[in-house]
Amino acid sequence: ANGYYNSRWTKCIWSSHDLIDMVYINNYIFNKDVFIQFNSTVGEFVGYTEHGVYNAQLWNKDPNRMQQMRAQVDGYCKHNAEIDQSTIIGKS
């Protein structure tokens, strides 16, 4: 398709049942290339292009945004993983 492709992919990755190794990743994508990523293991935004580096530096200076992103492991990932696991266990 002609034009621009802009998206945001959020994912939670874990391998243990107790969810202690859970990682929250939030990718900002333009034309199919990640230009900024937040990874809860790193704890801040990382830019992969000139535009991404510029915005990552700005976003990392915003304490409200950083607090919100760091809270996503518990509030988004673990919350939904616990629901998923209880559904799976309930069906076995």
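The values are calculated or read from the model by the stated rules, or taken from the named source; none is laboratory data. What you see is a predicted model, and the numbers here were worked out from it, not measured in a lab. Every residue, glycine as well, gets a Cβ built from its backbone with ideal geometry; the counts of neighbours run over all protein chains shown. All accessible areas refer to the heavy atoms of the entire protein, side chains included, with ligands and DNA or RNA removed. Shrake-Rupley method; radii C 1.70, N 1.55, O 1.52, S 1.80 Å.
Looking at the range 36-74 only, could you name the residues that are over 14 Å from Met22 (Cα atoms), touching a Phe, Trp or Tyr at 6+ places or on another chain (Cβ under 6 Å) and among the small types (Gly, Ala, Ser)?
Passing the criteria: Gly52, Ala56.
Which numbered condition trips up Gln85, out of (1) in a helix (DSSP H, G or I); (2) modelled with pLDDT under 95; (3) open to solvent by 90 Å² or more (accessible area, probe 1.4 Å)?
(3)
Could you count how many residues in the range 27-40 are under 10 Å from the mean Cα position of the chain (by Cα) and either surrounded by fewer than 18 Cβ atoms within 10 Å (Cβ to Cβ) or at positive phi (or both)? Before you say what the answer is, go through the steps one by one.
Initial filter on the range 27-40 (under 10 Å from the mean Cα position of the chain (by Cα)): 27-28, 37-40.
Next, from what is left, pick out any that are either surrounded by fewer than 18 Cβ atoms within 10 Å (Cβ to Cβ) or at positive phi (or both): 27, 39.
Here the count works out to 2.
Mind telling me which of the residues Tyr54, Tyr24 ends up being free of Cβ contacts under 8 Å to residues at least 60 places away in the same chain, surrounded by 11 or more Cβ atoms within 10 Å (Cβ to Cβ), of a type in the set (Ser, Thr, Tyr) and part of a strand (DSSP E or B)?
Values: Tyr54 fails: part of a strand (DSSP E or B).
Selected residue: Tyr24, the only one of Tyr54, Tyr24 that is free of Cβ contacts under 8 Å to residues at least 60 places away in the same chain, surrounded by 11 or more Cβ atoms within 10 Å (Cβ to Cβ), of a type in the set (Ser, Thr, Tyr) and part of a strand (DSSP E or B).
Could you give me the residue pairs with C-beta distances under 7 Å whose first residue belongs to the range 59-77 and is β-branched (Val, Ile, Thr), whose second residue is open to solvent by less than 100 Å² (accessible area, probe 1.4 Å) and not in a helix (DSSP H, G or I) wherever it lies, and which are 6+ apart or on separate chains?
Val73/Met22; Val73/Tyr24; Val73/Ser40
Within the range 67-82, identify whether any single residue is modelled with pLDDT under 90, among the basic types (Lys, Arg) and part of a helix (DSSP H, G or I), and answer yes or no.
yes
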